[in-house]
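See below for the structure under consideration.
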Amino acid sequence: MSTEGKKSILATRKCLTLQKTALFFLKGDLRDRAEMLNTGIRIRNVTRKDSGTYRCEISAKSEEGQRLGEASITLTVLVPPTTPICVVPNSAMTGTVVELSCKEAEGSPPSEYQWYKNGVALLEKTGTGSARTANITYTMNKKSGTLIFNTVSKNDTGEYFCVASNGIGLPQKCSMKRMQVDDLNVSGIIAAVVIVALVMALCGLGVLYAQKKGYFTSKELGKKDTAKTNHYKVTCNP
C-alpha cells in the first residue's frame, strides 16, 4: 500500500530470492515517474490511477542454466476522503418515508459514513445490543451512507450532517441541514376543498342567471343583425 502523492517501492519475494534481473511491465503514464531497481520498481508521486496489479519477469543464471520466473504484486494507493455531498429534505410530513443520503467518491479504500442529529452521533440499527431500542425509527447504513425513516415523526425534526472517513487523513463532513417534520393539516385541506367547491358553485349559478336574463341570447341576436346588415350593405358612387 502507498499514500497518494508519495513514493512507493514494489518488489516481490521471488525477485528478492533470485537477486537477479527483474523486468516490470509498466503502463505508459508511469515511464517518467518510475525507476527500475534490481529487484523491484520505485514509483514517484503515486496517484489513485496507479492502483492495480503489476507483473514482472525474472531472469537468473544457475548451475542448471538460465532460470526464468514470473511474479505479480498488487499496489493499492490510499486516498483520504473529500467533503461528502449530503441530501437532506427541508420538510416532511409525519408518517411518510424519508431518505437522507451522504456520498463521496474520492476516498480509497471507500469511506464509511456516520450521521449526526443535533451534533449527536446516531446509532446504527443492528437489532442487537444498545442499538436495539424502541425509539429508533430509522435505519442507517454506514457503507452506503443512507439514513432512512420508514415512518418519520415530529421527534425526527432537527439539524443533520454526515461524516465520511476511511482511516486515511482527516474525516470530512458536509454542512449541517435542517429537516422540519410537521403533521398533515387535514382541517386546512378540507377548508380549501370547501372554498373551491363554493367558488365553482357560484360560477355555475352566475351562468344560469345570465342565461335566464337572456344576456347570452341578446348578444347572439346582436351578432346576427350585424352580419345581416353587412351582407346587404350597398355602396353607391356618384
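The values are calculated or read from the model by the stated rules, or taken from the named source; none is laboratory data. Predicted model, so just to flag it, every value in this text is computed and none were measured. A quick note on method: Cβ atoms are made from the backbone with ideal geometry, for glycine too, and the neighbour counts reach across all protein chains shown.
When segment 33-82 is limited to residues that are acidic (Asp, Glu) and surrounded by fewer than 19 Cβ atoms within 10 Å (Cβ to Cβ), the one that is nearest to the chain's Cα centre (by Cα) turns out to be GLU35.
Quick grid of which residues meet (1) closer than 11 Å to CYS162 by Cα; (2) in the same structural domain as ASP156 (by TED's automatic domain parsing); (3) at pLDDT below 95; (4) of a type outside the set (A, V, I, L, M):
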| site | (1), (2), (3), (4) |
| --- | --- |
| SER59 | no, no, yes, yes |
| ALA71 | no, no, yes, no |
| GLY95 | no, yes, yes, yes |
| ALA105 | no, yes, yes, no |
| ALA121 | yes, yes, no, no |
| ALA131 | no, yes, yes, no |
| ILE136 | no, yes, yes, no |
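Pairs are defined by a Cβ separation below 6 Å, a sequence spacing of at least 6 or placement on different chains, a first member in segment 150-176 that is part of a helix (DSSP H, G or I), and a second member that is among the aliphatic types (A, V, I, L, M); the pairs so defined are LYS154/VAL181; ASP156/VAL181.
The residue of segment 83-117 that is surrounded by the most Cβ atoms within 10 Å (Cβ to Cβ), among those that are in a loop (DSSP other than H, G, I, E, B) and either hydroxyl-bearing (Ser, Thr, Tyr) or touching a Gly at 6+ places or on another chain (Cβ under 6 Å) (or both), is SER111.
Within segment 46-102, being over 17 Å from TRP115 (Cβ atoms) and acidic (Asp, Glu) holds for ASP50, GLU57, GLU63, GLU64, GLU70. Among residues that are more than 30 Å from THR47 (Cβ to Cβ), polar (S, T, N, Q) and modelled with pLDDT of 90 or more, ASN155 is included.
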